[in-house]
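Following: one structure in structure tokens, then a few remarks.
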Amino acid sequence: MSSGPANQTRVFYQTDAASFVIIAASQNDVNNWRSDKTIPLTQVVDSFQVFSLNKGSEGELSKASKLELENAFGTSKDVDVCSKILSEGKITPHRQHQGVKQF
């Protein structure tokens, strides 16, 4: 489900070796999914793209490689990775920055 940047939420997940983020439609959607896993992921995530972060949760986003996902999650299957991040990740509001392209 695609939503406007004002409602989007980042879900941040930290492993020993890397940090990852996915963009969710809203914080409410993530919380609802966490309590009811029958809600389709397509209603929760903005896309199934997983990003890796440079410099912690406020760093620059780049698309995570299959190798990064395999090393961190044991799979590069987007549904499995997104489910793990949504289940165990930290929800952070998606902030607009002037002059910076939002994902």
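Tabulated data
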| item | result |
| --- | --- |
| In the stretch 12-29, the residues that are more than 21 Å from Lys63 (Cα to Cα) and either polar (S, T, N, Q) or touching a strand residue (DSSP E or B) at 6+ places or on another chain (Cβ under 7 Å) (or both) | Gln27, Asn28 |
| Among the candidates Phe48, Phe73, Phe103, residue that is of a type outside the set (S, T, N, Q) and at pLDDT below 90 | Phe103 |
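Residues checked against (1) in a strand (DSSP E or B); (2) loosely packed, with under 12 Cβ neighbours inside 10 Å; (3) not aromatic (Phe, Trp, Tyr):
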{"site": "Trp33", "(1), (2), (3)": "no, no, no"}
{"site": "Gln49", "(1), (2), (3)": "no, no, yes"}
{"site": "Leu53", "(1), (2), (3)": "yes, no, yes"}
{"site": "Asp80", "(1), (2), (3)": "no, no, yes"}
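The values are calculated or read from the model by the stated rules, or taken from the named source; none is laboratory data. Please read these numbers as outputs of a predicted model, since none were measured by experiment. Methodologically, a virtual Cβ is constructed for each residue, glycine included, from the backbone with ideal geometry; neighbour enumeration extends over all protein chains shown.
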